1. Here is a list: G426, G372, G463. Which entry is out of contact with any helix residue (DSSP H, G or I) (no Cβ under 6 Å at 6 or more places or on another chain) and either among the hydroxyl-bearing types (S, T, Y) or on the phi < 0 side of the Ramachandran plot (or both)?
2. State which residue pairs qualify: first residue in the same structural domain as Y353 (by TED's automatic domain parsing) and inside segment 301-322, second residue part of a helix (DSSP H, G or I) and β-branched (V, I, T) in any location, beta carbons under 8 Å apart, and separation of 6 or more residues or different chains.
3. Within segment 383-419, which residues are over 13 Å from D435 (Cβ atoms), of a type in the set (D, E) and touching a strand residue (DSSP E or B) at 6+ places or on another chain (Cβ under 7 Å)?
4. Considering only segment 323-338, how many residues are in contact (Cβ under 8 Å) with a residue 24 or more places away in the chain and either out of contact with any Phe, Trp or Tyr (no Cβ under 9 Å at 6 or more places or on another chain) or among the hydroxyl-bearing types (S, T, Y) (or both)?
5. Go through segment 515-551 and give me each residue that's outside any loop (DSSP other than H, G, I, E, B), within 30 Å of L318 (Cβ to Cβ) and either among the aliphatic types (A, V, I, L, M) or in contact with a Gly (Cβ under 7 Å, 6 or more places away or on another chain) (or both).
6. Quick one: in segment 141-183, of everything that is more than 22 Å from L59 (Cβ to Cβ) and touching a strand residue (DSSP E or B) at 6+ places or on another chain (Cβ under 8 Å), which residue is surrounded by the most Cβ atoms within 10 Å (Cβ to Cβ)?
7. Which one of the conditions (1) in contact with a Leu (Cβ under 8 Å, 6 or more places away or on another chain); (2) assigned to a loop (DSSP other than H, G, I, E, B) does Y85 fail to meet, given that it meets all the rest?
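The values are calculated or read from the model by the stated rules, or taken from the named source; none is laboratory data. Values in this document were obtained by computation on a predicted structure and should not be read as measured data. So basically every Cβ, Gly included, is an ideal-geometry build from the backbone, and we count neighbours across all protein chains shown.
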Amino acid sequence: MKKLVLVALLLMMATFVVASAQSTDTAIWSISGDISTLNPALVTDGNSFTVLGAMFDGLFRANPDTGLPEPNLATWTVSDDGTVYTFTLQDGAKWSDGEPITSADVKFTYDAIMSDAVESPRKTDMASIASVELVDDQTFIVTLTSANCTIWGNGFGSLVPLPSHLYAADFSDFMTNENNMAPTAVSGPFMFESHSAGEFVRLTANPNWHGGSVKIPNIVYRMVTDPALLNQALETGSVDYGFMYPDQLAQIPNPENYSTFLYPNANAPIVIMNFQDSENPQNAYDADGNPVELTPNKFFGDSRVREAIAMGYDKAALALTQGETSGSVPLSGPIVPSFYSAYDMSDIAPWAYDPEKATALLAEAGWTDTNGNGTVDKDGVEFEVDLVYSKLVDLWSNAALIMQDQLSQIGIKINIIEQEWSAYLGNVLLPGKFDLTIVGFGGGTEVDGIAYNLLHSKNVIIGGGGFNLAAYVNPRVDELLDQARTTSGCAVADRLPLYREMQQIVHDEVAYDWLVSTTQVHVLNSRINDSYIGQWDGLLPITFPNWSISG
């Protein structure tokens, strides 16, 4: 009897999701896995970011076509020297529970992020902010340590106000507050209604949203964890929206039933070779700010081994898995082709496939096949390594399989281990408990969004406090990244040489093994009217409130 009840409940749930997709008052958005938090100050994964984007508004929003900041919750003025920003919140802006959104909420959020009681990955984003001072309920002043060319993409972009009246003033409940997973007060166009783990998150329109009303009053974020099932979900109508790559788009039948938006992707798919011992990962600096000597990884501490990996498999072949007309090319570093119109790195050559040279480099580093079993070894240790990752994107899977095949030909044995996203994120990637992994990293609208997060040594913070996931430490790279952010006048001509030197260094040292460029494809069911998604659109498109659904 219990089994029959369970089956009935599961059928009802499935019927609910599919029926919602056919409703004129509900849009179904696909996401690739479950959420981990709905607190903007704590979020680290893309699925949670996506859902948060519909619930919490920032001080500004990026123009969908240019990426430049536009007013959202606030307007602002800037001092002549570029260090003092005076923000004014929208008159009458309210949380969804009716409480006013005030400058005290902004100050609370900043203080929480910076508090030792809070483990926030936004801490490093706030490094350029010297102070946040209240003027009145609607006005606050943010003073920077110095003029910063990327403050919108890091500090201000991460300063998403939280409802201070729902948290303890001393931040003692900030990490455990029930609002972190089921918010009862939000500032965006939609508010939380329900979450079924591994299935969906349901949101409904916020009647107090400062932007007015929305034509589609409900969004369901349905979890489609296998990319191979996304096309099927779109075809059957169980989802209205899907994010994919060109090779997947080419497989969709009846393309006339969809609206599609294609743009270069400001994202770097990466192979991460851990620089430090994965059995005992450490932060790059201790609590007093002193450098910590990290124990080198037994496989990847030697740059010759990382070079051998980088040239030991064919990235040009990997690019072709994206589709022959996708425009995908091997990457040379963290500044990706979507930024090349201003910051051109095209003459820094990616690592070419050269198994003979890779084999020579391994031998130079002491890795040779001494027992004739086909796997190189050194000091009695076989070069057999686990590649642990989550199968969210076909490209990552393709890379894993190509690496496993072609690296075996130069004596490196790779064991592919797939994990569910949430488990991988919490138990493997963020704690640094891996030797080798594959993932993607997006940097938003700023040219250094990928580089600063992945490469600056202050971001080697185990557990999610920072995103230097390889534990890469190079003081010159730190210096270049900092100089480029604080260059007087922020002219491209002055910043470009700094970024070029950085790109060359991290390419040569194989700080990460940069894979291939991608094209982002947004696919919408044609029953959704008046839709538009821009290249730099937010997690919920700016025009979404004006979209409607045909009956």
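1. Numbers: G372 fails: either among the hydroxyl-bearing types (S, T, Y) or on the phi < 0 side of the Ramachandran plot (or both); G463 fails: either among the hydroxyl-bearing types (S, T, Y) or on the phi < 0 side of the Ramachandran plot (or both).
Every option except G426 fails the conditions.
2. Qualifying pairs under 8 Å: A308/T359; Y313/I402; D314/I402; A317/I402; L318/I402.
3. E418
4. 8
5. V516, T519, V521, V523, L524
6. Ranking the qualifying residues of segment 141-183, first place goes to M181.
7. For Y85, the failing item is (2).
For every residue, the table says whether it meets (1) among the hydrophobic types (A, V, I, L, M, F, W, C); (2) closer than 16 Å to T50 by Cβ; (3) in contact with a helix residue (DSSP H, G or I) (Cβ under 7 Å, 6 or more places away or on another chain).
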| position | (1), (2), (3) |
| --- | --- |
| P183 | no, yes, yes |
| V186 | yes, yes, yes |
| V201 | yes, yes, yes |
| S213 | no, no, no |
| P217 | no, no, no |
